[in-house]
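The values are calculated or read from the model by the stated rules, or taken from the named source; none is laboratory data. Keep in mind the model is a prediction, meaning the values are calculated, not measured. Counting neighbours? That spans all protein chains shown, and the Cβs are built from the backbone with ideal geometry, glycine included.
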Amino acid sequence: MQLADFPAASSLVRLFFDRADALRDAPFLGRKHGGTWTTLSWAEAADRVCLLAQALRELDLATGDRVLIVAENRPEWCIADIAIMAAGLVTTPAYITNTAADHAHILADSGARAVIVSGGKLLAPLLQAMRETGVAQHLVVMDGDLPDATAQPFAVHRWADLVDPGAPEDGRAAHARTAAELRQSGVGRTDLACIIYTSGTGGVPRGVMLSHGAILANVAGAATALVGDYGWHTERFLSFLPLSHAYEHTAGQWLPVGLGAEIWYAESLEKLAGNMAEASPTLMVVVPRLFEVLRARIIKQVAGQGKLAQRLMDQALALGTRQAAGTYRLGDKLLDLALDRTLRPKIRARFGGRIKALVSGGAPLNPEVGRFFQSLGLPLLQGYGQTEAAPVISCNYPSAGIAMETVGPPLQGNEVRVAPDGELLVRGELVMNGYWNNPEETAKALIDGWLHTGDIGHFDHRGRIVITDRKKDLIVNDKGDNVAPQRVEGMLTLQPEIAQAMLYGDRRPYMVALLVPDAEWLTERGITEPEAIRSVLDVAVSRVNASLGVVERIRRFTLADAPFAIDNGELTPSMKIRRHMIRARYEDRLGALYRS
């Protein structure tokens, strides 16, 4: 099978149908049910897409209407997304962690006329938002009990009733396919495919309008880079990042569709380790925070296996450092071969044993974390992007020369330049159509066809992008010196004593930090008293300060009351810290560090 002709694809739905026609009975979507992994074929998925698309049109939804999806990652999410587009409608994903107020904002702002939800505990906040806004006229529930339809100001439908193919001889699926293809004949690459609401590290989420062409351009660029370096066989993705995030939506769903790959869905973040070993994926998209957690876990497990295992890991990390620097010792080739036969297979086995590449995105990756996994035989590619760019702008891949301090060169078709103030500007088909119902913010972000990313960076000598910080996150002290907080925070969280950190010091004389201790590390060592905790954290901060410039050094720190989390609003679903929320909560405590 050949790589898809992405430039010729008129829509995402057309791309899917072409793949389904070619692959037919091959497995496509996998999930674990009742302790066993089962798969849905491309043909079966296509039938369900067409039937659901036709059912949505029969609910009196009109071309261009928005449909909300609120569900965990599962085969039905993918089917719903494609069916919405096949019906000529616009997918509007929402996070399963949203509160009723969050749902109400998206419903009211998007004007969504229908909602598809998995059911269970996700129903309560959604029903409240639907009743408050009165916008949506239909609710489709995938699983479990339906809410009392007589008590709702909207119609309630069961998923199974909408995708039931009936008797084979009645041809319902074929008829629905014909109708879907007729609708898609009028869809072009510039037409709206979805509205993805940014999770927001600050302020109210905005609806990013992404066209079919924007996502197709992303998929084409990523596929060209990956296939060129890794070849293309039967690929399997393991999906676990929220599909409501642009990163997973494009790289974890539409890229596999474009590659004709399988998508298996992890049961949960808690079961991810076991699912990786069972599913044996070849490709995964991951956020840096997970790599940090896995790194700490691997270090701990290897340390518990005795001196030989520890020595092998130390040698692997030392070799990785030399390889990154381009400096080699006599015997390094033999050491590399020995590690490939001893330590590395055991590490790779934890990821299923078939991983070609782990692609990191959604937030900056600390270079030391990246080199750790590379050294242990797990290819780690850091990418860069944002929702407004559908979302992938650049990515590391071997033929471009992987450098963990960079996020790689721009993908094929993406144009990137550096503004005089250091801001990265992006142009190409990948750029959003604008913000939904927000012309003022659109005008600020899109100027003369260039997307102003808000990220500060530059190109290295090989044309790879180096991100230094977010323009709005840069801390400017009272002397006018700029400090990039993400770099310092990354160094802090590499210390085993520190789980999370936020730097603070805008218009202040020096830097201070808010820290979340690593509770597991402390408990294992019997460190429970407040003064003892502060003492070990002080040592950790001093280690970091030794590698920082004078203006970056942390003079004082205080402790958070609880870990930064999605549930308390201090982390986005892609695990980036929400500075405005954390500052609002701890402003007095942080300010006191300058008064005592």
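Data overview
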read-out	value
Exclusive hit being surrounded by fewer than 18 Cβ atoms within 10 Å (Cβ to Cβ) and within 25 Å of Ser394 (Cβ to Cβ), set Ile447, Ile465	Ile447
Enumerated strands (runs of 3 or more DSSP E) restricted to segment 358-440, each holding at least 1 residues that are surrounded by fewer than 20 Cβ atoms within 10 Å (Cβ to Cβ)	415-418, 423-427
Count - residues of segment 471-493 that are in a strand (DSSP E or B) and touching a residue at least 40 places away in the same chain (Cβ under 8 Å)	1
Selection within segment 83-109 - within 25 Å of the chain's Cα centre (by Cα), part of a loop (DSSP other than H, G, I, E, B) and of a type outside the set (S, T, N, Q)	Leu89, Ala94, Tyr95, Ile96
Residue satisfying all of: in segment 1-17; farther than 23 Å from Leu238 by Cβ and surrounded by fewer than 17 Cβ atoms within 10 Å (Cβ to Cβ); modelled with the lowest pLDDT among these	Gln2
Subset of segment 465-483 [touching a helix residue (DSSP H, G or I) at 6+ places or on another chain (Cβ under 8 Å) and within 30 Å of Ile298 (Cα to Cα)]	Thr468, Asp469
Residue among Gly260, Gly252 that alone is in contact (Cβ under 8 Å) with a residue 12 or more places away in the chain, on the phi > 0 side of the Ramachandran plot and crowded, with 21+ Cβ neighbours inside 10 Å	Gly260
Scope segment 441-458; condition under 24 Å from the mean Cα position of the chain (by Cα) and either in a strand (DSSP E or B) or in contact (Cβ under 8 Å) with a residue 40 or more places away in the chain (or both); matching residues	Glu441, Ala445, Leu446, Trp450, Leu451, His452, Thr453, Gly454, Asp455, Ile456, Gly457, His458
Residue that is farthest from the chain's Cα centre (by Cα) [pool: residues in segment 40-65 that are among the acidic types (Asp, Glu) and not in a helix (DSSP H, G or I)]	Asp60
Matching residues, segment 188-240, being touching a Lys or Arg at 6+ places or on another chain (Cβ under 6 Å) and either in a loop (DSSP other than H, G, I, E, B) or over 23 Å from Ile69 (Cβ atoms) (or both)	Thr198, Thr201, Tyr230
Residue among Ala4, Ala100 that is among the small types (Gly, Ala, Ser) and outside the structural domain of Arg177 (by TED's automatic domain parsing)	Ala4
Number of the exception - Pro281 against (1) surrounded by 24 or more Cβ atoms within 10 Å (Cβ to Cβ); (2) farther than 21 Å from Asp21 by Cα; (3) of a type outside the set (Gly, Ala, Ser); (4) in contact with a helix residue (DSSP H, G or I) (Cβ under 8 Å, 6 or more places away or on another chain)	(4)
Where a residue in segment 517-528 is on the phi < 0 side of the Ramachandran plot and its partner, wherever it lies, is acidic (Asp, Glu), with Cβ under 7 Å and at least six apart	Pro517/Glu497; Asp518/Glu497; Trp521/Glu497
Residue under evaluation Trp521, criteria (1) in contact with an Asp or Glu (Cβ under 8 Å, 6 or more places away or on another chain); (2) more than 30 Å from Gln386 (Cα to Cα); (3) surrounded by fewer than 17 Cβ atoms within 10 Å (Cβ to Cβ), criterion not met	(3)
Matching entry among Ala80, Ala112 (being surrounded by 15 or more Cβ atoms within 10 Å (Cβ to Cβ), assigned to a helix (DSSP H, G or I) and aliphatic (A, V, I, L, M))	Ala80
